[in-house]
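Derivation of every value follows stated rules applied to the coordinates shown; laboratory data play no part. Computed from a predicted structure; not experimentally measured. Please note: Cβ atoms are built from the backbone with ideal geometry, for glycine as well, and neighbour counts cover all protein chains shown.
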Amino acid sequence: DTEVTQTPKHLVMGMTNKKSLKCEQHMGHRAMYWYKQKAKKPPELMFVYSYEKLSINESVPSRFSPECPNSSLLNLHLHALQPEDSALYLCASSQTGHLPGETQYFGPGTRLLVL
Amino acid sequence: AQTVTQSQPEMSVQEAETVTLSCTYDTSESDYYLFWYKQPPSRQMILVIRQEAYKQQNATENRFSVNFQKAAKSFSLKISDSQLGDAAMYFCAYRRGGANSKLTFGKGITLSVRP
C-alpha cells in the first residue's frame, strides 16, 4: 500500500472558524510533511515531522498548528485563517526524513477556501 | 542558497513523439539529489525519476530518462513515446545531502499531449 490519504477533500471555512486537516499513511514511514500549493505553483514546505518530532518549521504563521499523534497520522489545525491561505494543502510521507534520496509520497490534497 | 530553474512554463508534444523538459539548478554542494515529480490534473504528485549527483550514469525509468550534466548544472527529462497520460505539471526538484534538508522545487512546466 503506497497511499497517503487526506481528509477532507474540500473545505470551506470562515475567518473565525477552527478546522483540522487530517493525513494518514500505512507504509511504515517515519517522516511526514505538510505543503501548501497555490494554483500552477510548486508546493511550499510548511512543516516536517520525523519520528513524531517536529524537525522543520518553515516560519509558518501560528494560525497553522501541526500535530503528529503517532507515526501514521498527521494533523494540521487551522484557526483564524485569512483569504490568502486558500490553497491546496498537500501531505507527504517518506521513509525517515533523513535520507536525501528518499521518495516523498504525496496525498491528493485538501482544497481549502477561506471566506 | 540553492535554486532550481524551469524556464519554460508550458510545452506541447504529439502523442508517440519525444519531448525534453529543461531544468537547471545552482548549488555549491557536491552531495545532492535531483528529482522530477509529476502532478497530473486533480491527481496525486508522484516521483518520476531521481538522480544522485555522484552517479555519472543518467537515470532511466522505462520511457523516462534524464540528461544529467553536472558541470553545467543541468538536469533535463526526456519522455519517449509520449502518451495522453503524460499530460501533467512536471516539477524539477533538488535536495542537498545530509539530514533535515528539504526539497527545493522549480516553478514547474505544464506538458500537454496532442492526440
For A:His77, A:His10, ascending order of other Cβ atoms within 10 Å (fewest first) is A:His10, A:His77
With contacts defined as alpha carbon pairs under 8 Å and 6 or more residues apart, what's the relative contact order of chain A in percent? 37
Can you give the mean number of other chain Cβ atoms that lie within 10 Å of the Cβ atoms in peptide B:87-99? 2
Could you tell me the center-to-center distance, by alpha carbons, between region B:38-115 and region A:1-31 in angstrom? 26
Would you list which lysines come within 26 Å of B:Lys55, measuring only between C-alpha atoms, while excluding same-chain residues fewer than 8 positions from it? B:Lys38, B:Lys70, B:Lys73, B:Lys78, B:Lys102, B:Lys107
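Hey, with R₀ at 22 Å, roughly what FRET efficiency would B:Asp26 and A:Gln95 work out to, going by the Cβ-Cβ distance, to 0.05?
On the way: r = 28 Å, r/R0 = 1.26.
Calculated value: 0.20.
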